[in-house]
């Protein structure tokens, strides 16, 4: 298959499937609470409507207020393209692409913080400050997980890096990455994506003043990012590359769905953490990634 | 050809120093011309890979002059020429005759001398002449830092710089003379076979490390960089501290290394990277923030250099070369984005008269060029793709990750990767804060509201730097070729090994990213044109009348991370709370001390001074007591001889 067709197909897959995940989470939450809940495709309808809407800009906002969401969205989608999908490999693969992935996500974070600072509001500045500060711990956790995979596989390219650990190491890494997934995607117990007021302390507060097509880009980018983390987590702990192609793809899809349901269940069964505990939980996530690193290291040598 | 251009360059600078006081335009022309000549010579050497050597036929101070320009010194010469030329253009408007009639002529003269002496530091291959050039460089930098010598804090910063710099030079005197004594010649060159020289590297590390600003020898750096005029800060931060890096790089390539040198550099690098950026994040003075960020970047360079030294000991070119390429690329990158950022900070200072971020804000409206270019620099310095900062850190990470993958040097490489990731994320926080507080939102003071954009002489140098930053990001393959030549000069034994850095693919992905971004940006702007926009007050969950004072400030933005590092930063916060029914004005004052200087160096200097005072009391001028000293001394000697049986 020519490379550009491959890229276009992957792009379509990521762009079209990603908004499904928040829908699934909401459905799970509704189901646990005994409600009917919004349709699974609700985010698609929302995105289509936002795309048609006009934009209200703050009087303080510069052109960067519109460009920043576009940069953030592009960065997340490019990062997604770098990630291999089970047996099919990645669109591009080269030594050190994993770092590009981590830093593209950082670029998206920079742009979101930029957008928040544009409005000159205390509330959004607070969100930006929290996002960039907590991300320090989350990034340390991600890089530790990457180190574990590097030690395990002896490779520094994503396409050959996913050689899952066995037994306790894999379980610990799964827990660690799941905690980081919750933090980076601003889910309960770190943040509450349901409300728009004081309860939502980090991500939602940064995008309060966005509207119309830029908001659609932000929401879609957030969905892609959630899917990216779920795909990364699934491949880091499950031996998907050893299965036949079709089965591995199906297994990947199934495990992403499972992770999404797990996010929904966590959200239904736990409350948002007291704000001061957030760094503590993130540190625990980092430790859950550090132990498998030590385990792998000791096991190898 | 190279000899001719270098002579032209040197002559141009000497002439420029001569005419600096009276003819500013001719000075500018000569300086730019000299910079171009030097740049031509340096680029020729980088592209052809052949070193240029010249030995004089006469003695100077008892030694025959010996000049050498090879790949490593040519790379650093590029930095000197780029900032030397662009800074001169920038200063022509920023530090103009009109605004600074007394200090501007002096500043031009010292600028030429500083550029010249740094060029000599890079070319001198004779230890004695190197020391002369080094001293001339240190002194001219001192006079540039103290251009505004009517301000007390500038004079203090200048003295601190001078004292620290000379403490370092003392170590270098010891280093070079010990080298000359052991090798029998002052001429510098590879001495790998003389393993007895290895311990001397610690002297070089200390002496050059002071100049490089590595933690904890960085004490002079923040106040000197913040107090100097901004073009001088750019020169200091982007180039002058690199002279220290040059020394460490040069001698770690030439000398036999002590067993633990690689580990020590890795550890110092980690310390500098993490603590430097923690200090940076907590600052509310924009130039101090940039200065501390330099400490972080020197740390990153040292991490990579330490790893390269370990790679030499392990004989592992496959990760050593990647790390080394990262060292040299990051040296170049840091020069580009740090001078851009200091120029940007200078424009802000020029327009508003303040460096305090808590009094700025919303400057994008009145200073769009500065805001956009500073933002490019901020993205680059945070190591974000698709700009140059990421490319350099990517190479360094690859060196570290390959060492990890081969399960070697793990005790160093594993923590270094984690530190690098953490300091990268903190750098992002620091620069999201700098850009957000200074350029976005609403103006926090009157000068910020009425600022005006700098003239073209100030933003064109910034624009040129930004173009190179983008070019390295999008075409890393083009820039890696000469860098690999420099690597081959440092480690000739690895010349045949391919480091397998996928720079072309990386450049391709960066280019695709940039194209998609352009297309996406175009799409969304067109979309918004059709759907229409309205302007209104910031909504923010329904504030009716938001005010500029309600915005997050620099202190509150850094609050969380500052809390994590409170054990080190020891912020001094003074609060006057709102009290009673008719309260006075409330306020919060916050100061982040330079902990190493104020809590360690100053107290120990006080103790040393106390001891010295006590010893000074022994010398009082009373003859009969001196006779008593002599008598006591002779008696003590007599006892020693009697009891020791000598």
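The values are calculated or read from the model by the stated rules, or taken from the named source; none is laboratory data. Please read all numbers here as calculations on a predicted model, not as lab measurements. For neighbour counting, all protein chains shown are included, and Cβ atoms are generated from backbone atoms with ideal geometry for every residue, glycine included.
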**Of all residues making up the stretch B:532-563, the number that are over 16 Å from residue A:208 (Cα atoms) and buried (at least 16 other Cβ atoms within 10 Å of the Cβ)** = 12
**Listing of helices (runs of 4 or more DSSP H) fully contained in the stretch A:1-101 that carry 3 or more residues being in contact (Cβ under 8 Å) with a residue 40 or more places away in the chain and under 30 Å from residue B:546 (Cα atoms)** = A:42-52, A:64-82
**residue B:316 at pLDDT below 95, closer than 18 Å to residue B:292 by Cα and assigned by TED's automatic domain parsing to the domain that holds residue B:404** = no
**Fill in**
Per the list (1) in a helix (DSSP H, G or I); (2) closer than 30 Å to residue B:499 by Cα; (3) within 7 Å of chain B (Cβ to nearest Cβ), residue check on residue A:125 breaks on (2)
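Quick grid of which residues meet (1) more than 23 Å from the chain's Cα centre (by Cα); (2) more than 20 Å from residue A:186 (Cα to Cα); (3) surrounded by fewer than 16 Cβ atoms within 10 Å (Cβ to Cβ):
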{"position": "A:4", "(1), (2), (3)": "yes, yes, yes"}
{"position": "A:7", "(1), (2), (3)": "no, yes, yes"}
{"position": "A:10", "(1), (2), (3)": "no, yes, no"}
{"position": "A:21", "(1), (2), (3)": "no, no, no"}
{"position": "A:47", "(1), (2), (3)": "no, no, no"}
**Message:** So residue B:365 passes all but one of these: (1) in contact with a helix residue (DSSP H, G or I) (Cβ under 6 Å, 6 or more places away or on another chain); (2) within 14 Å of another protein chain (Cβ to nearest Cβ). Which condition number does it fail?
**Reply:** (1)
**Asked** Looking at (1) closer than 30 Å to residue B:540 by Cβ; (2) without any contact (Cβ under 8 Å) to a residue 24 or more places away in the chain; (3) in a helix (DSSP H, G or I), which is the one condition that is false for residue B:421?
**Response** (1)
**Message:** Tell me yes or no: at least one residue of the stretch B:168-179 is buried (at least 19 other Cβ atoms within 10 Å of the Cβ) and either in contact with a strand residue (DSSP E or B) (Cβ under 7 Å, 6 or more places away or on another chain) or without any contact (Cβ under 8 Å) to a residue 12 or more places away in the chain (or both).
**Reply:** no
**Item:** Residue ID - nearest to residue A:118 (Cα to Cα), chosen from residues in the stretch B:529-542 that are within 7 Å of another protein chain (Cβ to nearest Cβ) and in a loop (DSSP other than H, G, I, E, B)
**Value:** B:538
**Message:** Quick check on this structure: which one of B:342, B:390 is in contact with a helix residue (DSSP H, G or I) (Cβ under 9 Å, 6 or more places away or on another chain) and more than 11 Å from chain A (Cβ to nearest Cβ)?
**Reply:** B:342
**Request:** For residue A:134, state whether it is at pLDDT 90 or above, farther than 23 Å from residue A:61 by Cβ, in contact with a helix residue (DSSP H, G or I) (Cβ under 8 Å, 6 or more places away or on another chain) and within 9 Å of another protein chain (Cβ to nearest Cβ).
**Result:** yes
**Request:** For the stretch B:309-329, name all the residues that are closer than 12 Å to residue B:487 by Cα and surrounded by fewer than 24 Cβ atoms within 10 Å (Cβ to Cβ).
**Result:** B:317
**Fill in**
Within the stretch A:213-259, residues being in contact with a strand residue (DSSP E or B) (Cβ under 9 Å, 6 or more places away or on another chain) and surrounded by 24 or more Cβ atoms within 10 Å (Cβ to Cβ) number 2
**Item:** residue B:502, sole failed condition from (1) more than 11 Å from chain A (Cβ to nearest Cβ); (2) within 30 Å of the chain's Cα centre (by Cα)
**Value:** (1)
